[in-house]
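**Student:** Dropping a structure here in structure tokens format, bear with me for questions.
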Number of protein chains: 2
Amino acid sequence: MTSPFTLHKTSTNCAARRGEVKTVHGTFQTPIFMPVGTQATVKAITPADLKTLEAQIILANTYHLFLRPGHELIRELGGLHKFMGWDGPILTDSGGFQIFSLKDLAKISEEGADFKSHIDGSMKFLSPEKAIEIQEALGSDIMMVLDTCIPYPATEKEVIDATNLTSRWAKRCRDIQNRESGQLLFGIVQGGMYPHLREMAVEQLLEIGFDGYALGGLSVGEPRQEMYDLTEHGAALLPKEHAKYVMGVGTPQDLVECVYRGVDMFDCVMPTRNARNGMLFTSKGRLVIKNARFKSDPLPVDESCDCYTCRNFSRAYLRHLYTSREILSSHLNTIHNLHYFVGLMTDIRQAIDEDRFPRFRQEFYAKLEQ
Amino acid sequence: MTSPFTLHKTSTNCAARRGEVKTVHGTFQTPIFMPVGTQATVKAITPADLKTLEAQIILANTYHLFLRPGHELIRELGGLHKFMGWDGPILTDSGGFQIFSLKDLAKISEEGADFKSHIDGSMKFLSPEKAIEIQEALGSDIMMVLDTCIPYPATEKEVIDATNLTSRWAKRCRDIQNRESGQLLFGIVQGGMYPHLREMAVEQLLEIGFDGYALGGLSVGEPRQEMYDLTEHGAALLPKEHAKYVMGVGTPQDLVECVYRGVDMFDCVMPTRNARNGMLFTSKGRLVIKNARFKSDPLPVDESCDCYTCRNFSRAYLRHLYTSREILSSHLNTIHNLHYFVGLMTDIRQAIDEDRFPRFRQEFYAKLEQ
């Protein structure tokens, strides 16, 4: 089995690496940040905006699309790419994380998970086989196995049981997957906060063999340093010829630290969600646009930024849009924040290409206003 | 005094006419539809979108901008054009219509109107002089005089009093206006549903002399045919060398009928507001996107439309966005509806240029699906 990942370069003084992943809908460069398009739309912007922002791959949520409008409908309409008007690569999660976050999760069994729809309260069932069926109907480029999510904190016994179940589910996903479609399938490493259980999980997944590997169950409430340590440990366990993905991470600092530790792929709702809440990212730090000090501020959000928002609008205007609850506020803020995240990853890739990522990392912190 | 309006052509068999209005921020072609940008943003789209849509002039609301963020702030930041990033012509209303629509309108006197802010409940005062001060601070290309709005129905005595007050306020606006700025000032014809009082109003306004004239107090609940008759009557009373504007109108049918009767300028929230409520305009009629019959409909909203929305997305996808309450729903629907309104006016202008507007009007109705 050949890997869709090609390693271009490994840093001399850290684990950061440059590569690319080849999918049916094109190749994307790593390290990469994937904007989240939960309900078949990256909230508040168009696919044309995503192209302008040079986003290379986006993530969509299986759980949400399964419930509404339904994967069968999307299949009937030609798949998720056609449905949402995005012709680049799409990664879909398995739905596991959302289901395990539901308060009304009814029951987890060997077979799968019974849960209640947050939309209409109806009972639904998701199994490893069903998760693959849905993702195949959506036609995503990268599918994720259905995994169990482990609460934090959890006992060793709980983690062992959940991790073993995840590996058995991963096997069922791999077995039922249609290998002819070109859709890739990534495994997910659980193991909670126990390094030896993460080693066990990696062994189990490598035994099955996947097209790439994700570190799951991180950023769930543990101290940040513990997350970084487990990421470093996990990334080192995974073979270098495969893409390594940390799910649901994270802040700009998290991206820099996890790249430093060898991670290739990231997704997070932070740039888009925070944009809608009026929180903007800049190279100097974060800016809360509703703050009274921006009331008559004629400057752009970030003077060094060349996004559409910063080229055309002042902080005073963006504050006005936010306080007036105008839809344009979410649109312009989202463009800025995604431009920042995408641009950060572009800069990171260039720094790795030039084998100066540790210095880039230092400069990243030096720019932040304390 | 020269008029900023240039008449290009008058139709042979109806009152429809082609012309243009010259302003500080450029010349626009008439008949024209002005998208409404109440709070210094045409809701849910960017100024770049407006340019793509070929909108030539937009309207902003003095009442809203006076209350938030305040006209002084906008002046300090370089005026409304710079504030909102729109470099084309802007017309501002006087704020009168909004104030007279408020439930908490406290008092109208010879001097002006006391009212309560809908934002924080504070007491505010708007006079003819204040309305001009605000619009001069905003720096709009076309300002409107402060007028009184007459309830429907109203007695002849009520209409006479309100119309006379409007004319006295119009004189005060004209007197205090800074004529050096290049900002144009339009008078507003009241007179309720009484043709002879509209004649009186026109005489009073012409005596003062304005850069253009609006027919106010229409589309306030009267039967549609009565609105058309008063429009025809009012437009005929106004001199042909001035732009004629019917405020707050209207539906596509209203635009066609009022152009037929000699009107040059229109504004209405309908295309933008209805877009956010999922109601889309097409040449065949209206389409309510949440309707279950669009659930798996792969067609665009309008197969003959070449807007971004119709070129890229199906009715099924737009229905999904609407039912999922996604922000992109408002954005894409607004683009489509404004494209329809702007395109309708482009077609109308071409029909008048070719002296076939009566036939265009017949074809407009023939296309509508009954």
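**Student:** What FRET efficiency would be calculated for the residue pair B:E363, A:K51, taking the C-beta separation as r and a Förster radius of 41 Å, to the nearest 0.05? Kindly include the intermediate steps, with their values, before the conclusion.
**Tutor:** Values: r = 38 Å, r/R0 = 0.92.
Efficiency at R0 = 41 Å is approximately 0.60.
**Student:** Oh, and also: Summing +1 for each Lys or Arg and -1 for each Asp or Glu, what net charge is found among the other residues whose Cβ lies under 12 Å from the Cβ of A:E136?
**Tutor:** On the way: positive: A:R75, A:K130, A:R179; negative: A:E72, A:E129, A:E133, A:D141, A:E180.
So the environment of A:E136 carries a net charge of -2.
**Student:** Could you state the number of Å between the C-alpha centres of the stretch A:34-112 and the stretch B:10-54?
**Tutor:** Value for the Cα centre distance between the two parts: 39 Å.
**Student:** Next question, about the same structure. Give the whole-number value, in cubic angstrom per residue, of the convex hull volume spanned by the C-alpha atoms of the stretch A:5-274.
**Tutor:** So the per-residue Cα hull volume is 125 Å³.
**Student:** Just to confirm the numbers: A:R168, label point 7 angstrom along the Cα-Cβ line, distances to the other copies in nm, shortest first?
**Tutor:** Spelled out, the distances from A:R168's label point are 8.9 nm.
**Student:** Moving to a separate point now. Please report, for A:K157, the nm distances (one decimal) from its label point, 7 Å out from Cα along the beta-carbon direction, to the equivalent points in the remaining copies, shortest first.
**Tutor:** 9.1
**Student:** What ratio of Cα Rg to 2.2 N^0.38 Å holds for the protein assembly as shown? Each step should come with its number before you reach the end.
**Tutor:** Details: Rg = 30.3 Å, N = 740, 2.2 N^0.38 = 27.1 Å.
Relative to the 2.2 N^0.38 Å estimate, the protein assembly as shown comes out at 1.12.
**Student:** While we're looking at this one, here's another question. Could you tell me the relative contact order of chain B? Use alpha-carbon pairs under 8 Å, at least six residues apart, and round to a whole percent. Display every interim value, and only then the final one.
**Tutor:** Details: 696 pairs, mean separation 66.0, N = 370.
The normalised contact order for chain B reaches 18 percent.
**Student:** Then there is this: Would you calculate, for chain A, the mean residue ellipticity at 222 nm contributed by helices, counting each DSSP H stretch of 4 or more residues as -39,500 (n - 2.57) and dividing by all residues, to the nearest 500?
**Tutor:** Numbers: 15 runs with 157 residues, N = 370.
Helices in chain A give a 222 nm mean residue ellipticity of -12500 deg cm²/dmol.
**Student:** Next question. Which whole number gives the average count of other chain Cβ atoms within 10 Å of the Cβ atoms across peptide B:285-298?
**Tutor:** Working: counts 0, 0, 0, 0, 0, 0, 0, 0, 0, 0, 3, 7, 1, 5.
Mean partner shielding for this stretch: 1.
**Student:** What is the sum of charges, Lys and Arg at +1 and Asp and Glu at -1, for the other residues whose Cβ falls under 11 Å from the Cβ of A:R293? Intermediate results must be reported in sequence, preceding the final value.
**Tutor:** Details: positive: A:K290, A:K295, A:R315, A:R319; negative: A:D297.
Charge balance in the 11 Å sphere: +3.
**Student:** Taking the Cα atoms only, what angle lies between the long axis of helix B:357-367 and the longest principal axis of chain B, rounded to 10 degrees?
**Tutor:** So the inclination is approximately 50 degrees.
**Student:** Pick from B:A15, B:A351, B:A154 the residue whose mean-square fluctuation is largest in a GNM of chain B, springs joining Cα atoms under 10 Å.
**Tutor:** With Cα springs under 10 Å in chain B, the top fluctuation among B:A15, B:A351, B:A154 is at B:A154.
**Student:** Taking the Cβ of A:A235 as the centre, find all other residues whose Cβ is under 14 Å away and add up their charges (Lys, Arg: +1; Asp, Glu: -1). List each step's numbers first, then the result.
**Tutor:** Numbers: positive: A:R17, A:R198, A:K240, A:K244, A:R261; negative: A:E199, A:D229, A:E232, A:E241, A:D254, A:E257, A:D264.
My count for the surroundings of A:A235 gives -2.
**Student:** Springs between alpha-carbon atoms under 10 Å, Gaussian network over chain A: tell me which of A:C307, A:C149, A:C173 tops the mean-square fluctuations.
**Tutor:** Sorting by GNM fluctuation, first place goes to A:C307.
**Student:** If you don't mind, there's one more thing I want to ask. Would you check the stretch B:5-268 for Lys pairs whose C-alpha atoms are within less than 19 Å, ignoring same-chain pairs closer than 8 in sequence, and give me the count?
**Tutor:** Close lysine pairs found across the stretch B:5-268: 19.
**Student:** Continuing with this model, one more query. Along the Cα-to-C-beta direction of B:T346, a point sits 7 Å from the Cα; which residues of the stretch B:54-91 have their amide N less than 15 Å from that point?
**Tutor:** Residues B:54-57 qualify, since their backbone N sits under 15 Å from the label point.
**Student:** Could you work out the equivalent-ellipsoid semi-axes for the stretch B:270-370, taking the square root of 5 times each eigenvalue of the Cα gyration tensor, largest first, in whole Å?
**Tutor:** Working: eigenvalues 144, 36, 24 Å².
For the stretch B:270-370, the ellipsoid semi-axes come out as 27, 14, 11 Å.
**Student:** OK, next. How long are the three semi-axes of the equivalent ellipsoid of the stretch A:114-252, in whole Å, if each is the root of 5 times an eigenvalue of the C-alpha gyration tensor, listed from largest down? Mind showing how you got there, number by number?
**Tutor:** Details: eigenvalues 113, 75, 43 Å².
With the √(5λ) rule applied to the stretch A:114-252, the semi-axes are 24, 19, 15 Å.
**Student:** Where is the GNM fluctuation largest for chain A (alpha-carbon springs, 10 angstrom cutoff): A:Q183, A:Q225, A:Q135?
**Tutor:** A:Q225
**Student:** Ranked highest first by average number of other Cβ atoms within 10 Å, how do B:358-369, A:253-264, A:280-291 line up? Kindly include the intermediate steps, with their values, before the conclusion.
**Tutor:** Values: B:358-369: 13.2, A:253-264: 23.4, A:280-291: 17.6.
With the highest mean Cβ count within 10 Å placed first, the list reads A:253-264, A:280-291, B:358-369.
**Student:** Would you kindly work out, in nm and rounded to one decimal, the distances from the label point of B:R293 to those of the same position in each other copy, ordered shortest first, with label points 7 Å along Cα-to-Cβ?
**Tutor:** Nearest first, the other copies' label points are 5.7 nm away.
**Student:** State, to one decimal in nm, how far the label point of A:R168 lies from the label point of A:V288, with both points 7 Å from Cα in the Cβ direction.
**Tutor:** So the two model labels end up 4.8 nm from each other.
**Student:** Roughly how tilted is helix A:128-138, in degrees to the nearest 10 and between 0 and 90, from the longest Cα axis of chain A?
**Tutor:** The two axes meet at around 50 degrees.
**Student:** Using the Cα centre of chain B as origin and beta-carbon charges of +1 (Lys, Arg) and -1 (Asp, Glu), tell me which of B:S329, B:Q253, B:G121 is placed farthest towards the positive end of the dipole.
**Tutor:** It is B:S329.
**Student:** Moving on to the next point. Of all beta bridges DSSP finds with both residues in chain B, what is the antiparallel percent, to the nearest 5? The partial results should precede the final answer.
**Tutor:** Values: 20 of 41 bridges.
The antiparallel proportion sits near 50 percent.
**Student:** To the nearest 10 degrees, how steep is helix B:224-237 against the longest Cα principal axis of chain B, on a 0 to 90 scale?
**Tutor:** 50
**Student:** Still on this structure: At 7 Å along the Cα-to-beta-carbon direction for both B:K22 and A:K240, put a label point, then send me their distance in nm to one decimal.
**Tutor:** With each label point 7 Å from Cα toward Cβ, the separation is 7.3 nm.
**Student:** Looking only at other chains, what is the average number of their beta-carbon atoms within 10 angstrom of each beta-carbon in B:40-51?
**Tutor:** Details: counts 6, 10, 2, 3, 6, 3, 9, 4, 2, 3, 0, 0.
The per-residue average across the peptide is 4.
**Student:** Let me ask you something else. Per residue of B:66-72, count partner chain C-beta atoms within 10 Å of its C-beta, then hand back the mean as an integer. Provide the component values of the computation, followed by the final result.
**Tutor:** Values: counts 0, 0, 3, 9, 3, 0, 1.
Going residue by residue through B:66-72 and averaging, the value is 2.
Here, each number is a calculation from the coordinates, and none is a lab measurement. None of these values were measured; they are calculated from a predicted model. Every residue, glycine among them, receives a Cβ derived from its backbone with ideal geometry; neighbour counts consider all protein chains shown.
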